[in-house]
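To start, the structure under review is shown below, and the notes come after it.
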């Protein structure tokens, strides 16, 4: 799995933020302590945890992952600690939990902010004493596991709200690794895009290596990437498969609102006449003037970006604005 992800380019980068993160990760891998990884969705938190494991002295043992958000709260405990036959309805046989499967290796707990408080207490016990009780069992089991946890939630705030244990946060955060979002790795965007494009072309059986036109490259660099690397991979692969040429000139960032589904409606002659003549029956006075102006600016900003394939200089030209004027408008409303 690790080698496959390397081949997909998910750990490629030359930006200062990326290299600083990798240096800190490599140094921390040698220290056999719990680690907390913080990062936005799509940044590659599981991949970072995997690299921590394979660079550590535990690399020959198992790397086991559990996304805490994918299981109902009543099943998370069984998934982590296992259960005995008859422990609950449907528990026909004995089952090993993730902790036992990860014995002598690494257990990665993603989205740990979703963990029920009762399970948090059991995890704290494992960290402190290396023991736990399977569900339905009266005897304790011993394990030697390194825990790496990850979240995009504000755990200190959850502690203040009583939703996360202060003691567990203290034990998990021997060190905190913060993954930089893709928008802070500008030098890596085209590097990743080219890698994903080449991989997609190979999957499609194409012999030519895809290239991005200058306008497409500029669009990739200007886009804010709220979904980070995962979104970048989807956007690039979609652009490659849709293109009939090895030169990629068309980027669709949002398949739900591409220009194929959105048309910018020109005002009709009647509408223009109504505006010029000041006809009040064309105005919705229930909407405050400032809100109407804001909504109109947002609509124009959105439509221009779609039309220009997120090339901000072209979008500015479509709106009759200078680039600086457009940037002020963009900063005012953010990505739309």
Estimated inter-spin distance, residue 203 and residue 160, nm [label 7 Å along Cα→Cβ]: 4.2 nm
Residue 104 versus residue 174: modelled label distance in nm, points set 7 Å from Cα along the beta carbon direction: 1.9 nm
Longest to shortest principal axis, alpha-carbon extents of the range 91-144, angstrom: 30, 24, 17
Debye intensity ratio in log₁₀ form over the Cα atoms of the range 139-230, taken at each q of 0.10, 0.21 Å⁻¹: -0.52, -1.06
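By its C-alpha gyration tensor, with a ≥ b ≥ c as the square roots of the eigenvalues, how is the range 182-253 shaped: rounded for a/c under 1.5, else prolate for a/b larger than b/c, else oblate?
Prolate, because a/c is 1.5 or more and a/b exceeds b/c.
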Listed peptides 26-33, 311-318 by packing density, highest first (mean Cβ within 10 Å): 311-318, 26-33
Paramagnetic label zone (point 7 Å from Cα along Cα-to-C-beta, residue 254; backbone N under 20 Å) in the range 313-328: 313-319, 326-328
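Bear in mind that the values in this text are calculations on the coordinates, not laboratory data. Just so it is clear, the model here is predicted, and its values are computed rather than measured. Backbone-built Cβ (ideal geometry, glycine too); neighbour counts: all protein chains shown.
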